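Colleague: My questions all concern the structure below.
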Amino acid sequence: MSKIIQFGRPYVSFDPANPEHRAIFNSVLINKTWGRSPVRFWLDDEQTDLMYQCTKKMARWYMEQEFGAENKYAL
């Protein structure tokens with residue numbers, strides 16, 4: 001087993017409902033680097049970059065919090 005696999009940061013799927021994930025994303029926005037993140041987020045769609053995917057999920061989550069999941073205008 002390589003050291004990268006053994007000691008590397010774990011992969012997780014970005015969940016905007018998780019306060020820890022939101023804090024990590026906020027840190028990335030402030031520091032403009034993923035290097036300080038304790039985890040690595042999966043790419044759900046290979047066609048777009050990770051920042052776009054996380055931003056889109058955050059926007060959807062906040063819209064659902066504000067207007068409800070049944071909102072006909074939700075993303």
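The values are calculated or read from the model by the stated rules, or taken from the named source; none is laboratory data. This is a predicted model, so every value here is computed, not measured. We place every Cβ from the backbone using ideal geometry, glycine too, and count neighbours over all the protein chains shown.
Colleague: Read through the list (1) in a helix (DSSP H, G or I); (2) at pLDDT below 90; (3) aromatic (Phe, Trp, Tyr), then give the number of the only condition that Phe25 fails.
Modeller: Looking at each condition in turn, Phe25 falls short on (2).
Colleague: For region 10-56, what are the residues that are charged (D, E, K, R) and surrounded by 12 or more Cβ atoms within 10 Å (Cβ to Cβ)?
Modeller: Asp15, Arg22, Arg40, Asp44, Lys56
Colleague: Further, regarding this structure: Inside region 53-75, can you point out the residues that are over 11 Å from the mean Cα position of the chain (by Cα), charged (D, E, K, R) and modelled with pLDDT of 85 or more?
Modeller: Arg60, Glu64, Glu66
Colleague: Please specify each residue of region 28-51 satisfying the condition of being of a type in the set (A, V, I, L, M) and in a loop (DSSP other than H, G, I, E, B).
Modeller: Answer for region 28-51, where residues must be of a type in the set (A, V, I, L, M) and in a loop (DSSP other than H, G, I, E, B): Val39, Leu43.
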